[in-house]
1. State all residues of region 32-56 that are in contact with a helix residue (DSSP H, G or I) (Cβ under 7 Å, 6 or more places away or on another chain), surrounded by fewer than 21 Cβ atoms within 10 Å (Cβ to Cβ) and of a type in the set (A, V, I, L, M); if no residue qualifies, say none.
2. Just to check your reading of the model, which residue among Y98, Y158 is modelled with pLDDT under 95 and more than 17 Å from the chain's Cα centre (by Cα)?
3. Do you know which residues across region 109-127 are surrounded by fewer than 17 Cβ atoms within 10 Å (Cβ to Cβ) and within 13 Å of the chain's Cα centre (by Cα)?
4. Can you go through T94, T80 and tell me which one is more than 9 Å from the ligand (Cβ to nearest atom) and over 27 Å from D29 (Cα atoms)?
5. Please pick out the residue among G43, G8 that is of a type outside the set (D, E, K, R), within 12 Å of the ligand (Cβ to nearest atom) and touching an Asp or Glu at 6+ places or on another chain (Cβ under 6 Å).
6. Has region 3-16 got at least one residue that is more than 15 Å from the chain's Cα centre (by Cα) and surrounded by fewer than 19 Cβ atoms within 10 Å (Cβ to Cβ)?
7. Could we say that K123 is farther than 18 Å from S36 by Cα and either assigned to a loop (DSSP other than H, G, I, E, B) or more than 15 Å from the ligand (Cβ to nearest atom) (or both) here?
8. Select from region 108-126 the residues that are at pLDDT below 95 and under 22 Å from K59 (Cβ atoms) and list them in ascending order.
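The values are calculated or read from the model by the stated rules, or taken from the named source; none is laboratory data. Bear in mind the structure is a predicted one, so any value in this text is a computation, not a measurement. Methodologically, a virtual Cβ is constructed for each residue, glycine included, from the backbone with ideal geometry; neighbour enumeration extends over all protein chains shown.
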Amino acid sequence: MKTAVYPGSFDPVTYGHMDIAKRALKVFDKLIILISVNPNKAGLFTPEERVDMVKEVMKECIDKIEVIISNDLTVKQTETLDATHIIRGLRAVTDFEYEFQMTHANRVLNRDVDSIFFMTDHKYSFLSSNTVKEIAQFNGDLKKFVPKYVENKLKEKYQ
Ligand code: ADP
């Protein structure tokens with residue numbers, strides 16, 4: 001069984017993240033979505049809330065995904081979870097430089113773990129969790145960016 005991990009903050013999950021996860025599931029039998037917790041950066045949603053939202057919006061493929069909270073290095077987690085690859089999404093050239101550094105750093109830590117990049121649908125190529133949070137803060141229309149479930153959670157936060 002081919003397993004990959006898909007790490008990120010998912011604060012909150014967007015259609016962009018979902019697009020990447022679905023593309024990865026065409027290649028891998030199982031995808032472990034790692035909600036990475038940054039101790040120096042409090043997110044808008046708790047890690048548990050993020051897990052709940054990812055599970056809800058990905059429920060049509062729930063038999064092929066697992067969603068877990070991670071406080072460890074992605075490359076270490078990949079090994080521990082018996083996965084072989086790290087999935088990342090690419091939106092624009094601006095993502096490339098950061099991903100380039102991360103991939104090479106990860107390779108130094110463990111040369112057996114490789115990263116695979118998927119390009120999102122062009123309609124999500126500008127979309128990030130930060131953009132979504134900014135729009136939500138000003139009560140903008142979120143329906144093209146996040147599923148209804150996530151939209152409602154954002155509304156609750158900014159009420
Ligand atoms: P962000 O906070 O930038 O939305 P995350 O840290 O949650 O992102 O990102 C996890 C992974 O998902 C990264 O590889 C990121 O490039 C990718 N990703 C996030 N949004 C999109 C999108 N709209 N299209 C493609 N990939 C995306």
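1. Result: V37, L44.
2. On the way: Y98 fails: more than 17 Å from the chain's Cα centre (by Cα).
Just a single option satisfies the conditions, and that option is Y158.
3. Taking region 109-127 as the starting set, the residues that turn out to be surrounded by fewer than 17 Cβ atoms within 10 Å (Cβ to Cβ) are 109-112, 114, 116-117, 119, 121-123, 125-126.
The one that is surrounded by fewer than 17 Cβ atoms within 10 Å (Cβ to Cβ) and within 13 Å of the chain's Cα centre (by Cα): F117.
4. On the way: T80 fails: over 27 Å from D29 (Cα atoms).
Matching residue, one of T94, T80: T94.
5. Just one listed residue meets the conditions, G43.
6. The first filter runs over region 3-16 and keeps only residues more than 15 Å from the chain's Cα centre (by Cα), leaving 3.
Cutting the leftovers down to surrounded by fewer than 19 Cβ atoms within 10 Å (Cβ to Cβ) gives us 3.
The answer is yes; a qualifying residue exists.
7. On the way: farther than 18 Å from S36 by Cα: yes; either assigned to a loop (DSSP other than H, G, I, E, B) or more than 15 Å from the ligand (Cβ to nearest atom) (or both): no.
No; evaluated as a whole, the condition is false for this residue.
8. Passing the criteria: T120, D121, Y124.
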